[in-house]
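Encoded as structure tokens, the structure appears first; notes follow it.
The values are calculated or read from the model by the stated rules, or taken from the named source; none is laboratory data. Just so it is clear, the structure is predicted and the values come from calculations on it, not from any experiment. With ideal geometry, Cβ positions are generated from the backbone for all residues, glycine too; neighbour counts draw on all protein chains shown. In case anyone asks, the SASA skips ligands and DNA or RNA and just uses the protein heavy atoms, side chains included. Shrake-Rupley method; radii C 1.70, N 1.55, O 1.52, S 1.80 Å.
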Amino acid sequence: MKKIFFLILTIISVIFFSCKEKSIKKQTDQGTINETEVEEKNNKSLIITENSFLGLKIGDSINLKSKNIKKETQENGEGFFPGYVLLDDNGKKIAFIFPKHKTDNIIGRIEISAPNYKTKEGISIGSTYEDLKKYYPNLETHGSEIESRTNSRVGGLSFLLDTYFGTYEIDESKIKPSTKIKRISIRGTKN
């Protein structure tokens, strides 16, 4: 009988303390919030949407005082593009922020290069063209005459594929289903 009593007491204690632990408050620069709210925010921040990434939204001002944002110029076959590199807390590059045309501090596009961030459908760097077609059947895919890049677009998202076509119009049946995504760009939706 004593063993059963102690077993029940132990179970109640575990339940009580685990519930209490989840409601521990954390002090942040934005005020006091629950630990569970922090967990929810962290999980949502790993989601790439058509308009935002890690709290950065298309059309918002770029926080030039952030330790995670550094001014940088990106170069490709089309030229040099001034913008900002977005770093994680360990200093690793996770994205490049392109300012809106003719501005220096408004987010126009975010190009994600780190594989650990996903869309709500689970699409990330390294996902395949087959995955894209499965979740986005209305996907439009085009090549590029300058660098032969191949991009698939849906809504405010663009996916750079690891295959090359030197013309804008392409035969999508020539893209292997196993072709990987190299980068994801957030362009925003037009409201």
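Identify all residues within the range 74-105 that are part of a strand (DSSP E or B) and open to solvent by 40 Å² or more (accessible area, probe 1.4 Å); write none if there are none.
Residues satisfying the conditions are E75, N76, F80, F81, P82, K93.
Of all residues being among the basic types (K, R) and part of a strand (DSSP E or B) in the range 108-127, which is farthest from K174 (Cα to Cα)? Just the residue, please.
Ranking the qualifying residues of the range 108-127, first place goes to R109.
Condition first: within 16 Å of the chain's Cα centre (by Cα), aliphatic (A, V, I, L, M) and at negative phi. Now tell me which residues in the range 50-97 satisfy that.
Matches in the range 50-97: L56, I58, I69, V85, L86, L87, I94, A95, I97.
Among the residues in the range 31-44, are any of a type in the set (D, E, K, R), surrounded by fewer than 16 Cβ atoms within 10 Å (Cβ to Cβ) and modelled with pLDDT of 90 or more?
No, the range 31-44 has no match at all.
Residues in the range 178-191 that are open to solvent by 70 Å² or more (accessible area, probe 1.4 Å) and of a type in the set (S, T, N, Q): how many?
Of the residues in the range 178-191, 2 are open to solvent by 70 Å² or more (accessible area, probe 1.4 Å) and of a type in the set (S, T, N, Q).
Please give the number of the condition S113 fails out of (1) open to solvent by 20 Å² or more (accessible area, probe 1.4 Å); (2) more than 15 Å from I48 (Cα to Cα); (3) within 15 Å of the chain's Cα centre (by Cα).
Condition not satisfied by S113: (2).
Only one residue in I106, I62 is touching a Lys or Arg at 6+ places or on another chain (Cβ under 6 Å) and more than 19 Å from L160 (Cβ to Cβ), so which one is that?
I106
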